[in-house]
Amino acid sequence: MNDLLPFLVQHGYEVLFFWVLAETMGLPIPSVPLLIAMGALAKAGQVSLSLSIGLAVCAALLSDLFWYTMGWRRGGKVLTSICRITLEPDSCVRRAEDIFGRHGGRALLMTKFIPGMGVVSMPLAGIIRMRFSRFLLLDGLGTLSWVGAYILAGYLFGRQLDRALEYAMGMGRTFTVLTVAGLMIYVLRKYLSRRRLLRELFIANISPKELKGKLDAGDNVVIIDVRHAFDFEADPYVIPGAVRIPYEQMEGLADIAAGREIVVYCTCPNEASSARVALRLRRHGIIPVRPLAGGLIAWRDLGYPVEPAGGHKPE
């Protein structure tokens, strides 16, 4: 590991702490290679195995506590901030919510092993008001498992990894070009897919002001709330007259629409769920259907009214 390992021997602890902290804060920089490298160094006796694990765990927990607190205080708005700096800003929220829906708080034991899920799951725990002691226990165990698994992998297979890296370095310029090209293709595909979705969304959407005008004028508009159960439970209010149909339960919507204009909304970053619902329904010939720009958050920010879902006050 010619140039990298000597640098890590001298500055590894500082690099490890701030690198893990940066990734768990949401920056798209993977910590796994660094964790494995620190494990290999520990095997060679160059760094302390226990100190490396401890520093990485502390860095991750520091970030996790910050996002948990932000989720508790700010609710769904914090997810928008997080997902603006990830490669898959909308799907990361939806996937994390689905995992929480299936496993509850135990999801914290596994989300760090799934790219993009770790940082999103922390504010989700705050949004659903997970008890702090339970959050700290489950997140601590999940973080220790994540850090320990990769550092120990480097510790156990350090010599094999070193030989593999020496072989890759021996390829010289070819290896560098292939690595950089592969990374650029991956990022470009994600970017173009993202831009395509946002372009279709921008063309089709309806502003809160326009929707409010239609409601005030008595237009026959069907409003569909497609928020995930976690978002809804944290904030069980809807736009007046809206029908609550989660994204996963779109069957039968054609019967509800009956030729009327449909407006769908959520609280996810860039109205991703509502945009996908709109595009999906349009492909099946159900038009006109438009996502609400800014979702429920934008509607509320303008001071427009909301009402308890189902017409009853939530407990």
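The values are calculated or read from the model by the stated rules, or taken from the named source; none is laboratory data. Owing to the predicted nature of the structure, the values given are computational and were not obtained by experimental measurement. So basically every Cβ, Gly included, is an ideal-geometry build from the backbone, and we count neighbours across all protein chains shown. With ligands, DNA and RNA removed, areas are computed over all heavy atoms of the protein, side chains included. Shrake-Rupley method; radii C 1.70, N 1.55, O 1.52, S 1.80 Å.
For this structure, a couple of remarks:
- Residues in the range 294-313 that are at pLDDT 85 or above, outside any helix (DSSP H, G or I) and open to solvent by less than 60 Å² (accessible area, probe 1.4 Å): 304, 306, 308.
- In the range 108-121, residue surrounded by the most Cβ atoms within 10 Å (Cβ to Cβ) [restricted to those that are closer than 14 Å to residue 66 by Cα and free of Cβ contacts under 8 Å to residues at least 60 places away in the same chain]: 121
Conditions tested, residue by residue: (1) at pLDDT 95 or above; (2) of a type in the set (Val, Ile, Thr).
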{"residue": "45", "(1), (2)": "no, no"}
{"residue": "65", "(1), (2)": "yes, no"}
{"residue": "71", "(1), (2)": "no, no"}
{"residue": "77", "(1), (2)": "no, no"}
{"residue": "90", "(1), (2)": "no, no"}
{"residue": "107", "(1), (2)": "no, no"}
{"residue": "111", "(1), (2)": "no, yes"}
{"residue": "139", "(1), (2)": "yes, no"}
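Quick grid of which residues meet (1) at pLDDT 80 or above; (2) over 20 Å from residue 306 (Cβ atoms); (3) open to solvent by less than 60 Å² (accessible area, probe 1.4 Å):
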residue	(1), (2), (3)
220	yes, yes, no
224	yes, no, yes
233	no, no, no
243	yes, no, yes
262	yes, no, yes
267	no, no, yes
280	no, yes, no
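Let's see how each residue does on (1) modelled with pLDDT of 60 or more; (2) touching a strand residue (DSSP E or B) at 6+ places or on another chain (Cβ under 8 Å):
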{"residue": "180", "(1), (2)": "yes, no"}
{"residue": "192", "(1), (2)": "yes, no"}
{"residue": "201", "(1), (2)": "no, yes"}
{"residue": "251", "(1), (2)": "no, no"}
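- The conditions of being at pLDDT below 90, within 24 Å of residue 138 (Cα to Cα), aliphatic (A, V, I, L, M) and over 16 Å from the mean Cα position of the chain (by Cα) are met by residue 36.
- Only one entry of 188, 197 meets the criterion of being open to solvent by less than 40 Å² (accessible area, probe 1.4 Å) and at pLDDT below 90, and that entry is 197.
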